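A.B. asks: Can you read through this structure? Questions will come right after.
Bear in mind these aren't lab numbers, they're just calculated from the coordinates by the rules spelled out. Predicted model, so just to flag it, every value in this text is computed and none were measured. As a convention, Cβ positions derive from the backbone with ideal geometry for all residues, glycine included, and neighbour counts pool all protein chains shown.
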Amino acid sequence: MIKKPAPDKTHRSLCPVNLTLEQIGDSWTMLIIRDLMLRGHTGYQAFLRSEERIATNILADRLSRLEQNGLVVKKPDPADARKFIYSLTEKGADLAPLLVELALYSIKHERRTDMPKDVVAEMQRNKPVFVSRLVRANTPKSPIKRRKPEPREAADETLSLF
C-alpha cells in the first residue's frame, strides 16, 4: 500500500485538484487570467473596466494572490512609476487549456454566450493548435532570444476570443 503524504497547514489536502483550486478556484481569479491572456489587459485600471465590474478590494487581493502563487509578475510601468504592469508567468500561461475547456463547457451547456461563432468553430475544430497558440503567445520569452510581445499581441494572435 502506498502511503499518501500528509497535508500541511496551508492546504486542505494534497489532491492535485484541490491544490489548483486553492490558487485559482474563485471566479474572479480566472476572469483576471482571461483578461491577461485574451484581452491584453496589463494594468489595474484595465481590469476594473472589464464588464464583470470587479470591486477594487477584490481585484487588489486577487492580483496579490496570483503574484504570490507565481501565476503573474508585477513590474513597474516604465511610462508611469506610480503604476504597475501585470503579466503571466509560464505557470500562468499554462492555464490556457483550462480556460479553453471552461469556454467550451459553457458553449455546450449555456445558451447565451457572446463568443463569435468563428472563434467557437476554430476552438472546436483545432483545440490542440488553438491552445498551443494561446500558451505560446502568453509564455514569457527570454529577453536574449525574443522581444516581449506588446499587451495586445497575445490577444490579437488568439483572435480576441472572449
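A.B. asks: GluC sites (Glu not before Pro) within the stretch 95-136: which are DSSP loop residues with at most 13 other Cβ atoms inside 10 Å?
C.D. replies: Values: sites: GLU101, GLU110, GLU122; in loops: GLU110.
Sparse-neighbourhood loop GluC sites (Glu not before Pro): GLU110.
A.B. asks: Quick check for the stretch 16-157: number of Lys pairs with alpha-carbon distance under 29 Å, counting only pairs 8 or more apart or on different chains?
C.D. replies: So the count of such lysine pairs works out to 25.
A.B. asks: Relative to the present Cα-Cα distance, how much length would full extension add between GLN68 and VAL129 at 0.36 nm per residue of separation?
C.D. replies: Values: separation 61, 0.36 × 61 = 21.96 nm, distance 3.02 nm.
Working it through step by step, the gained length comes to 18.9 nm.
A.B. asks: If you don't mind, there's one more thing I want to ask. Which order do the peptides 62-68, 125-131, 11-17 take when ranked by the mean count of other beta-carbon atoms within 10 Å per residue, highest first?
C.D. replies: Descending mean neighbour count gives 62-68, 125-131, 11-17.
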